[in-house]
1. Residue under question is Tyr100, and the condition is that it be over 15 Å from the mean Cα position of the chain (by Cα), at pLDDT 95 or above and not small (Gly, Ala, Ser); does it hold?
2. Take the conditions surrounded by 13 or more Cβ atoms within 10 Å (Cβ to Cβ) and without any contact (Cβ under 8 Å) to a residue 40 or more places away in the chain and apply them to Thr126. Does it pass?
3. Test of understanding: among Ala58, Ala75, which residue is in contact with a helix residue (DSSP H, G or I) (Cβ under 8 Å, 6 or more places away or on another chain) and closer than 15 Å to Leu16 by Cβ?
4. Confirm whether Ser135 is over 19 Å from His35 (Cβ atoms), touching a residue at least 12 places away in the same chain (Cβ under 8 Å), among the small types (Gly, Ala, Ser) and touching a helix residue (DSSP H, G or I) at 6+ places or on another chain (Cβ under 9 Å).
5. Confirm whether Thr3 is touching a Ser or Thr at 6+ places or on another chain (Cβ under 7 Å) and under 13 Å from Ala121 (Cβ atoms).
6. Checking the conditions here, which among Ile110, Ile80 is within 15 Å of Val33 (Cα to Cα) and not small (Gly, Ala, Ser)?
Amino acid sequence: MDTEKVKQLIEDKDRLLSQFQMHVLELQEGYSVVHMKVTEEHLNAAGSCHGGVIFSLADVAFALACNSHGTLAVALDMSISFLRSVHAGNEITARCSERYRGKSTGSYTIEVTDVSQNLIALLKATAFRKDTPLSHIS
């Protein structure tokens, strides 16, 4: 399965993309870029972007990158460090890069930045690759 088909499958099936108005800007094998604008609906009680929203953006980028090879991959673990706050009106981008790809696992780093390339969050993630081709997902 080529990366365009993987992108289309995830855009069609992952409802979080439309709920948070995320846009997949790039997908290559082992690499993805996902973008969104922070709105009032994404704010926490303190008035800044909810950490769960930032994590979700990174998680979508991770899902795209680790599934980009056409084999179903799921998260084994993810850790996040929040470095800066983000407010309504700001735009944020998650870039996920594959650092290691084994037969059944993969290691990834995800950087979330704002439009000025300030680092908002940094994540490390591990994926488990199943023996299921993405083309068998309905």
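1. So Tyr100 fits the description; yes.
2. Details: surrounded by 13 or more Cβ atoms within 10 Å (Cβ to Cβ): yes; without any contact (Cβ under 8 Å) to a residue 40 or more places away in the chain: no.
Criteria not met by Thr126.
3. Details: Ala58 fails: in contact with a helix residue (DSSP H, G or I) (Cβ under 8 Å, 6 or more places away or on another chain).
The match here is Ala75.
4. Working: over 19 Å from His35 (Cβ atoms): yes; touching a residue at least 12 places away in the same chain (Cβ under 8 Å): yes; among the small types (Gly, Ala, Ser): yes; touching a helix residue (DSSP H, G or I) at 6+ places or on another chain (Cβ under 9 Å): yes.
So Ser135 fits the description; yes.
5. no
6. On the way: Ile80 fails: within 15 Å of Val33 (Cα to Cα).
Going through Ile110, Ile80 in turn, the sole match is Ile110.
The values are calculated or read from the model by the stated rules, or taken from the named source; none is laboratory data. All values derive from a computational prediction rather than experimental measurement. As a convention, Cβ positions derive from the backbone with ideal geometry for all residues, glycine included, and neighbour counts pool all protein chains shown.
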